[in-house]
Amino acid sequence: MKTLAVISRKGGAGKTTLSVNLAITAHLAGLKTMLADIDPQRSASDVLRARNGDGPALAEITAGKLFSAKVQAQQAGLDLMVIDTPAAPETDGLQAVNSADLCVLVCRPTFLDIASAVRSAEAVRRLGRKGVIVLSQAPPRRNNAEPSVVLKAAEALRFTGMPLATVGIRARAAFQQSIAHGRSVCEWEPGSPAAEEITRLWDQIAPMLMGREVVPDLTAQAVQR
Ligand SMILES: Nc1ncnc2c1ncn2[C@@H]1O[C@H](COP(=O)(O)OP(=O)(O)O)[C@@H](O)[C@H]1O
Ligand SMILES: [Mg+2]
């Protein structure tokens, strides 16, 4: 079983939105998937409960129960555990990092998010874990041009030393609407730009998670789409 931790010390970065979308995408791709919600706000749990049991399994637990939940999930033959983490306390996020094969560090293209991401990336590195940064709620391209705020964020994030996924998640209404119905954007609006982003992001991070990636230096590349 592989474990993916979705992290950011910033509230509102998009952790829950991404966790839920990735967990459902993996489930629909045929992986036996569990979403471990260690955030006491239980936002991811609220979303998955709206599905009435159709979709990824759900574990509403504290960070302290992660280890035993992983053992149980492994024994139950699960393929993937996605952990949705709280912004605080930091120790809970670090416990998720410690148990992850891959950490997805969610970061909006803003000064405060980037400053926080630099510290989180350092913590992931210190704990010897693998990580990838995903830009979240980025403004969409205009006239096929990448907004300068995204280019600047990509440049600043190079200093984390952590690769940046070339697929960024844009600020799109579909991410808010779908989640209100317990659905991923791929189920809600198949073929939409939002659905395409999640599909392409999953295609990029799944090989990293499985340890099969051919490592490109993604940091130097601008985010696509
Ligand atoms: N890509 C996106 N586009 C538009 N709204 C988003 C996107 N990602 C998250 N949001 C919205 O931003 C808010 C915070 O997102 P959430 O996933 O709960 O963040 P976190 O779990 O990091 O606190 C929610 O209202 C959510 O609907
Ligand atoms: Mg959340």
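The values are calculated or read from the model by the stated rules, or taken from the named source; none is laboratory data. Please read these numbers as outputs of a predicted model, since none were measured by experiment. Neighbour counts run over all protein chains shown; Cβ positions are idealised from the backbone, glycine included.
Structure data summary
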quantity: Hey, Val106 out of contact with any Gly (no Cβ under 6 Å at 6 or more places or on another chain), under 13 Å from Ala5 (Cβ atoms) and within 16 Å of ligand 2 (Cβ to nearest atom) or not; calculated: no
quantity: Residue check for Ile7: in contact with a Gly (Cβ under 7 Å, 6 or more places away or on another chain) and under 30 Å from Ala115 (Cβ atoms); calculated: yes
quantity: Boolean, Asp79 is under 17 Å from Ser99 (Cβ atoms), more than 10 Å from ligand 1 (Cβ to nearest atom) and at pLDDT 95 or above; calculated: yes
quantity: Lys32 vs. criteria modelled with pLDDT of 95 or more, surrounded by 15 or more Cβ atoms within 10 Å (Cβ to Cβ), of a type in the set (Lys, Arg) and away from ligand 1 (no atom under 12 Å from the Cβ); calculated: yes
quantity: Qualifying residue in region 170-185 (condition: more than 25 Å from Ile24 (Cβ to Cβ), over 18 Å from the mean Cα position of the chain (by Cα), exposed (fewer than 14 other Cβ atoms within 10 Å of the Cβ) and not aliphatic (A, V, I, L, M)); calculated: no
quantity: Lone qualifier among Ala100, Ala165 - being under 16 Å from the mean Cα position of the chain (by Cα), more than 16 Å from ligand 2 (Cβ to nearest atom), closer than 30 Å to Ser192 by Cβ and buried (at least 23 other Cβ atoms within 10 Å of the Cβ); calculated: Ala100
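Per-residue answers, yes or no, for (1) away from ligand 2 (no atom under 16 Å from the Cβ); (2) assigned to a helix (DSSP H, G or I):
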position	(1), (2)
Leu4	no, no
Arg9	no, no
Ala23	no, yes
Gly30	yes, no
Ser45	no, yes
Asn52	yes, no
Ala73	yes, yes
Leu78	yes, no
